[in-house]
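Q: My questions will all concern the structure given below.
Every number in this text was worked out from the coordinates using simple rules, so none of it is lab data. Since the model is a prediction, treat every value here as computed from it, not as a measurement. As a convention, Cβ positions derive from the backbone with ideal geometry for all residues, glycine included, and neighbour counts pool all protein chains shown.
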Amino acid sequence: MERVGQIMKRFPKNSDQIDKDSRKKATIGIFGTSGEGKSSLLSAILGKKYLLPSGCFGACTAVVTQVEANLTDSNYTAEIELFSKEEWEKELKDLFRVLSDESEDRDDDLYEIAVEKINALYGNDADEKTLEELKKDDKFAEIETFLSTNEKNSFSKSDVNEFINDVASYIQHSESSSGNWYWPLVKSVTIKIPDCRELLEHIVLVDIPGSGDCNKIRDDLWKSKLRECSSVWIISSINRAVTDSGPWGILKHCTEELGPGGECKSINFICTKTDEIDPGAYIRGARIPKNQIPEDKDKKKNCISHRNEHAKMKVKEKFEKSKLKKIFSSDNQFQVFTVSSNAFFDHDLNLDSSETEIPKLQDELRTLNKSRNRELVRDYVNESKATLLLIHSGQLDKKMMEMEVKELEKNLETSLNELDKYFDSIYSDLEQCLSKGVDDSVKSCVDSTTELITKKDGRGFHKRLGALCKNYGCYWSKNWADILDLNKTLAKHLHECIDDDFSKIFPVTETTGKSVQEQIDKFSIIHSHSANPSSPMQHFEDFIKIKETELTTLLKRYIVDRKKLIYSSIQATIQNEMASCYKEAAAVTGTGSMKKRQELLIAKVENIKQDMFNKAKMEVLNQLNNLKLNILDALEKELKKAIEYSQSQTSKIIREDVSEYIEQLERLSDQLSDGHQAKSSPRKTEETNT
């Protein structure tokens, strides 16, 4: 970037519009309940013990917490997004509505969350007051004023301990002291750490709680964050990794968001606290023969190693049987790590740094960060090169330029027509799949609804059904052990019928020969280089080619965002069609309320099934058609604009010989290419990583 910047300083008038930082950061989503070692893990990865307050990740029911690099100074900073005064007033009413519910349908998880939030914010026993009584309290007025003036709150500290103390009240919960814990007011917190550019310059680590909060704003927020993740880390302590309902419930419930409805390329299952082991108890419990682990000074270390390998094998075996295996099929797409954050810092625990596997995760971040940086610099180099090509082509022959422009406009029309035909073909394919999905859904929806909402397993099912209705069709327990999602159940056949084709049209990684991204890559209005390689006209064509690449790169990012909306529109349409029934069913109380709710939901599905599934089908097709129109429109407008701009500039610019600088940029571009990286010797790559 610096070398290119030095070259472009020579041409300030022509390089003012070059974008040095247009690429979105990669998002790594982190799942794991409180006490699983997330805070310690991230502190170890960033190489700073006690960097994040213990328990800050996952301690609160639903605060989305982000960690990224501070690239501006050496301070620790926090940016806190709060509810607005109006949003909090609405949530407070909902919380007190939960507290006042004394019926047998009351959901215990939601009740506990309500008590936790109100007491954390307003002090001990605040939950025992009525809302009107609470409004008379001085603390209530203080918080109203706080929200009225501070929808965004931020602070910056040079001392890490001071920073932790300041940020704690926004992201931590204390069982021992209530009041003055502000996390119930928080939507999200962004923590920026200095001196970690190498790991996090282009990466954001996001803790995604997803714990069944009764607030729809937070619920929607964590789901949208999940769809943004290019990678997901699942955290579980090693002694519960295979049996923990939390991580496996997340993986099972979020298949669509991680797969076809998202952009996730890999999953890391991270088993923590590997150093916490009693060798004797482990050997007895695992029934290991005495001679397999010798009684010597390395006994504990050998037990740790044995348990690590066993855990990796068992987690991989369980994953092989899951639905996600179909999506993340290659070995590097699902990896298991066994880590010890304590041993990474404390060498008395007798584990080498490499044996803690923290360096492996650091290397993952470093590699991803380098890749993102290379892409960003490559874009900047090419954009700068385009500017120099325009200068180098200078004042072209008017007649020759007119002929070239006419040819390019003709090629543009031809290429747009070909792309239009491609979209028509995938529209037709998806329409057939969706029609089958509609038929299958109409036939089975009443039975699948009845099966989901009339379970008899457990005395508290009526509470879970009530919570499902209140949360617009979805209920999950705090530990993800029990999940009921009627919208997802109703969308099942439509999703299953389009999944194969959808994954080919919008793949996350591999080429399929059918994807929109591949069609965009092939799109070009430079059908053949007619000009002499050294002529100014050749430089003009090269300029247009670079502008094409810039545009198609932006469009491919746009396609990823739009495909998430297309896929999720099926479930969103179903939820919208069922919304009035959920609201009506949630309001039912008293004796026999569970049966009445069941009857309402089943009758609603029966009455609207044909119309509901057809609407979901048409929403997918309409959004696909809108994607086509937007892409065609962008290609036509932006390429015409590039042609017109270059035509007008070449008539104004006095030609300069900048071939030396163009060659320098081409050499830089070659160094940044994937091919060049692949040619690097293993030894050189190893030294670079070191």
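Q: Provide the percentage of antiparallel DSSP beta bridges, counting only those with both residues in the chain; round to the nearest 5.
A: Antiparallel bridges make up about 40 percent of those DSSP assigns within the chain.
Q: Which one, S322, Q292, Q362, is farthest towards the positive end of the dipole of the stretch 266-379 when Lys and Arg carry +1 and Asp and Glu -1 on their Cβ?
A: Most positive-ward Cα: S322.
Q: While we're on this one: Please give the per residue volume of the convex hull enclosing the alpha carbon atoms of the stretch 224-306, rounded to a whole number of Å³. Don't skip to the end; give the middle numbers.
A: Working: hull volume 9.2 nm³, N = 83.
Convex hull of Cα atoms, per residue: 111 Å³.
Q: I would also like to ask the following. Tell me the angle of helix 216-228 to the major Cα principal axis of the chain, expressed in degrees between 0 and 90 and rounded to the nearest ten.
A: 40
Q: Kindly provide the GluC sites (Glu not before Pro) of the stretch 222-295 that DSSP labels as loop, not H, G, I, E or B, and whose Cβ sees at most 16 other Cβ atoms within 10 Å. Numbers along the way, then the final one.
A: Values: sites: E228, E256, E257, E263, E276, E295; in loops: E263, E276, E295.
Listed in order of number, the matching sites are E276, E295.
Q: Output the pairs from K514/K628; K135/K463; K93/K463; K93/K583; K9/K522; K470/K563 with a Cα-Cα distance over 23 Å in this structure; if there are none, say none. Don't jump to the answer; show the numbers that get you there.
A: Numbers: K514/K628 15 Å; K135/K463 30 Å; K93/K463 20 Å; K93/K583 16 Å; K9/K522 34 Å; K470/K563 29 Å.
Cα-Cα > 23 Å for K135/K463; K9/K522; K470/K563; rest within.
Q: Assuming R0 = 30 Å, can you tell me the calculated FRET efficiency for the pair K522 and K318, based on Cβ-Cβ distance, to the nearest 0.05? All intermediate terms of the calculation are to be shown ahead of the outcome.
A: Working: r = 41 Å, r/R0 = 1.36.
Using R0 = 30 Å, I get an efficiency of 0.15.
Q: Picking from N342, N268, A579, whose Cα lies most toward the positive end of the charge dipole for the chain (charges on Cβ: Lys, Arg +1; Asp, Glu -1)?
A: The Cα lying farthest towards the positive end belongs to N268.
Q: Could I ask something else about it? Return the tail of the calculated pair distribution for the stretch 487-576, meaning the percent of Cα-Cα pairs more than 18 Å apart. Before the final figure, lay out the partial values.
A: Details: 2376 of 4005 pairs.
In whole percent, the share of Cα-Cα pairs in the stretch 487-576 beyond 18 Å is 59.
Q: May I pose another question? How far apart, in nm, are the 7 Å Cα→Cβ label points at S148 and T591?
A: That separation, rounded to one decimal, is 4.9 nm.
Q: Now for a separate question. Just to be sure I understand: if I project the alpha-carbon convex hull of the chain onto a plane and average over all orientations, what area do I get in nm²?
A: Values: hull surface 143.3 nm².
Seen from a random direction, the Cα hull of the chain projects 35.8 nm² on average.
Q: Report the label-to-label distance for E413 and R284 in nanometres (one decimal), using points 7 Å from each Cα along the Cα→Cβ vector.
A: 8.6
Q: Helix 108-122 against the longest principal axis of the chain: what's the angle in degrees, Cα atoms only, rounded to the nearest 10?
A: 80
Q: Assigning unit charges at the beta carbon (Lys, Arg +1; Asp, Glu -1) and nothing else, what dipole magnitude in debye, to the nearest 20, does the chain show about its Cα centre? Don't skip to the answer; put the middle values down first.
A: Working: 102 positive and 118 negative charges, 237 e Å.
For the chain, the charge dipole is close to 1140 debye.
Q: Turning to a different aspect of this structure: Averaging sequence separations of C-alpha pairs under 8 Å and six or more residues apart, then dividing by the length of the chain, give the relative contact order as a whole percent.
A: Numbers: 973 pairs, mean separation 118.8, N = 690.
Across the chain, relative contact order equals 17 percent.
Q: Viscosity 1.567 mPa s, temperature 4 °C: Stokes-Einstein D of the stretch 539-650 from its Kirkwood Cα radius, in µm² per second?
A: Working: Rh = 17.9 Å.
Here the translational diffusion coefficient equals 72 µm²/s.
Q: Charges on Cβ only, +1 for Lys and Arg, -1 for Asp and Glu, centred on the Cα centroid of the chain; of Y661, I143, I559, which one is farthest towards the dipole's positive end?
A: Toward the positive end, the furthest listed residue is I559.
Q: Just tell me the longest site-free run in the chain, where the sites are trypsin sites (Lys or Arg not before Pro) in a DSSP loop having at most 10 other beta-carbon atoms within 10 Å. Spell out each step's value before the answer.
A: Values: sites that count: K9, K13, K136, R287, K297, K321, K456, R459.
Result for the longest clean stretch: 460-690.
Q: OK, next. Between K157 and L71, take the C-beta separation as r, use R0 = 22 Å, and let me know the FRET efficiency to the nearest 0.05.
A: Details: r = 17 Å, r/R0 = 0.77.
That gives a FRET efficiency of 0.85.
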